[in-house]
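J.: I'd like to ask you about the structure that follows.
The values are calculated or read from the model by the stated rules, or taken from the named source; none is laboratory data. These numbers come from a predicted model, not from an experiment. Cβ placement follows ideal geometry from the backbone for every residue including glycine, while neighbour counts extend to all protein chains displayed. Protein only, heavy atoms only, side chains kept; ligands, DNA and RNA dropped before computing areas. Shrake-Rupley method; radii C 1.70, N 1.55, O 1.52, S 1.80 Å.
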Amino acid sequence: MFYDQFMSQLPKKWLSHYLGRLSHLQAPSRLNQNIIKAFANYYKIDLDEAEKSVDQYNSLGEFFSRRLKEGVRPIEGDLIHPCDSALVSSGLIHEETLIQAKGKTFKLSEFIPENPWYKEFKAGSFFTYYLAPHNYHRVHSPFKAEVHWSTVVPGELWPVNSWSVKTIDRLYAVNERVAVGLSSPKGKAILVMVGATNVGSMSMSFDPNIRTNQLQKKEVVHRTYSEPRNLGVGDELGTFHLGSTVVLLFEQSWGFSHRPNKEVLMGERF
């Protein structure tokens, strides 16, 4: 009860915006290295997987959104998990309703407003991935795809930990998020990156104009790409600048229903 009341009163968007900026401040080189090493040690991050050595990152924020060395996440097939994470829930979309947690649901129409593919996704499947602080925080295309549209939805920045998922009604439809419409010969999918407390921002590799966690921005911004952006399976799609959640939706033609909850790595066969 105390945590609930405390979080509801906390200025989460303001705090997240400025903590995000703070994380990218450049400290003196030796201090910066010590901060990154302490962070990596606390969260048990394998520094050998990082693209660069610790002394080459200018800030903790830059390290947090690090790329990995080539080859450490092999692409195992034509359909893969899009991120390092815990696959925490999955199931069917029924009458445009998705399950957040036991007793908690939310609607597709409020999760992705201005969705041009709404009718195709009133039924289908959803898969929810939680990215913890120790995870690699770049998100990749789950299959060879064309990007047809994107929608930036401003909102709150509640935490996305297990307490919040079980407690906050319509959490994923309340928090700030970016939805991306992907198509392939097999069917359509929508990948949604959901913001959380302390997420400095989210950026998208295919469109540098997308900006999130802008304190003054309150309107939904929908973009349609007249010439679809092409992505190969495993190509980088977007980045969390501090951590969060991915919800991956498939239309019914894919035929999915459920996957066991487990830890996954980007590039693993779906």
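J.: Limited to the range 120-129, what total is found for residues that are part of a helix (DSSP H, G or I) and either among the aliphatic types (A, V, I, L, M) or crowded, with 21+ Cβ neighbours inside 10 Å (or both)?
T.: Our first condition is that a residue be part of a helix (DSSP H, G or I); within the range 120-129, this holds for 120-121.
Now restrict to residues that are either among the aliphatic types (A, V, I, L, M) or crowded, with 21+ Cβ neighbours inside 10 Å (or both): 121.
The total comes to 1.
J.: Still on this structure, I have one more. Test Ser226 against the stated conditions and say whether it is open to solvent by 10 Å² or more (accessible area, probe 1.4 Å), without any contact (Cβ under 8 Å) to a residue 12 or more places away in the chain and among the polar types (S, T, N, Q).
T.: Working: open to solvent by 10 Å² or more (accessible area, probe 1.4 Å): yes; without any contact (Cβ under 8 Å) to a residue 12 or more places away in the chain: yes; among the polar types (S, T, N, Q): yes.
Against the criterion (open to solvent by 10 Å² or more (accessible area, probe 1.4 Å), without any contact (Cβ under 8 Å) to a residue 12 or more places away in the chain and among the polar types (S, T, N, Q)), Ser226 qualifies.
J.: Moving to a separate point now. What do you reckon, is Ala132 closer than 30 Å to Glu62 by Cα, surrounded by fewer than 17 Cβ atoms within 10 Å (Cβ to Cβ), touching a residue at least 40 places away in the same chain (Cβ under 8 Å) and of a type outside the set (S, T, N, Q)? Don't jump to the end; show me each part of the working.
T.: Working: closer than 30 Å to Glu62 by Cα: yes; surrounded by fewer than 17 Cβ atoms within 10 Å (Cβ to Cβ): yes; touching a residue at least 40 places away in the same chain (Cβ under 8 Å): yes; of a type outside the set (S, T, N, Q): yes.
So Ala132 passes the test.
J.: Something else now. Kindly provide the set of residues from the range 182-197 that are open to solvent by 10 Å² or more (accessible area, probe 1.4 Å) and without any contact (Cβ under 8 Å) to a residue 60 or more places away in the chain, ordered by number.
T.: Ser183, Ser184, Pro185 - these are the residues of the range 182-197 that are open to solvent by 10 Å² or more (accessible area, probe 1.4 Å) and without any contact (Cβ under 8 Å) to a residue 60 or more places away in the chain.
J.: Given the conditions (1) part of a loop (DSSP other than H, G, I, E, B); (2) in contact with a Gly (Cβ under 8 Å, 6 or more places away or on another chain), and given that Arg259 satisfies all but one, which numbered condition is not satisfied?
T.: Exception for Arg259: condition (2).
J.: Within the range 240-252, is there a residue that is over 19 Å from the mean Cα position of the chain (by Cα) and under 26 Å from His94 (Cα atoms)?
T.: At the first step, the residues of the range 240-252 found to be over 19 Å from the mean Cα position of the chain (by Cα) are 251-252.
Okay, now just the ones that are also under 26 Å from His94 (Cα atoms), so 251-252.
The answer is yes; a qualifying residue exists.
J.: Right, another one. Report, ordered by the first and then the second residue, all pairs with beta carbons closer than 7 Å, sequence separation of six or more or different chains, a first member in the range 242-270 that is within 23 Å of Pro116 (Cβ to Cβ), and a second member that is of a type in the set (Lys, Arg) and surrounded by fewer than 19 Cβ atoms within 10 Å (Cβ to Cβ).
T.: Trp254/Lys186
J.: Among the helices (runs of 4 or more DSSP H) confined wholly to the range 1-119, which include 3 or more residues that are open to solvent by 30 Å² or more (accessible area, probe 1.4 Å) and either at pLDDT 90 or above or over 22 Å from Met202 (Cβ atoms) (or both)? First the steps, then the outcome.
T.: Values: elements: 2-9, 12-23, 29-43, 60-64, 108-111.
Here the list reads 2-9, 29-43.
J.: Only one residue in Val220, Val233, Val246 is β-branched (Val, Ile, Thr), touching a Pro at 6+ places or on another chain (Cβ under 8 Å) and more than 24 Å from Ser125 (Cα to Cα), so which one is that?
T.: Exactly one of Val220, Val233, Val246 is β-branched (Val, Ile, Thr), touching a Pro at 6+ places or on another chain (Cβ under 8 Å) and more than 24 Å from Ser125 (Cα to Cα), namely Val220.
J.: Next question, about the same structure. Just to be sure before I move on: is Leu157 within 21 Å of Leu98 (Cβ to Cβ) and in contact with a Pro (Cβ under 7 Å, 6 or more places away or on another chain) in the structure I sent?
T.: Details: within 21 Å of Leu98 (Cβ to Cβ): yes; in contact with a Pro (Cβ under 7 Å, 6 or more places away or on another chain): no.
Here the answer is no, as Leu157 does not meet what is asked.
J.: Scan the range 147-172 for residues that are among the hydrophobic types (A, V, I, L, M, F, W, C), touching a Leu at 6+ places or on another chain (Cβ under 9 Å) and open to solvent by 10 Å² or more (accessible area, probe 1.4 Å) and report the count.
T.: So the first thing to find is which residues in the range 147-172 are among the hydrophobic types (A, V, I, L, M, F, W, C), and the list is 147, 149, 152-153, 157-158, 160, 163, 165, 168, 171.
Going one step further and asking which of them are touching a Leu at 6+ places or on another chain (Cβ under 9 Å), we end up with 147, 157-158, 160, 165.
Still in the running and open to solvent by 10 Å² or more (accessible area, probe 1.4 Å): 158, 160, 165.
Residues in the range 147-172 being among the hydrophobic types (A, V, I, L, M, F, W, C), touching a Leu at 6+ places or on another chain (Cβ under 9 Å) and open to solvent by 10 Å² or more (accessible area, probe 1.4 Å): 3 in total.
J.: Just a yes or no: is a residue in the range 249-258 surrounded by fewer than 16 Cβ atoms within 10 Å (Cβ to Cβ), more than 23 Å from Glu146 (Cβ to Cβ) and touching a Ser or Thr at 6+ places or on another chain (Cβ under 7 Å)?
T.: yes
J.: Looking at the range 181-203 only, could you name the residues that are modelled with pLDDT of 95 or more, among the β-branched types (Val, Ile, Thr) and over 11 Å from the mean Cα position of the chain (by Cα)?
T.: Ile190, the sole residue that qualifies.
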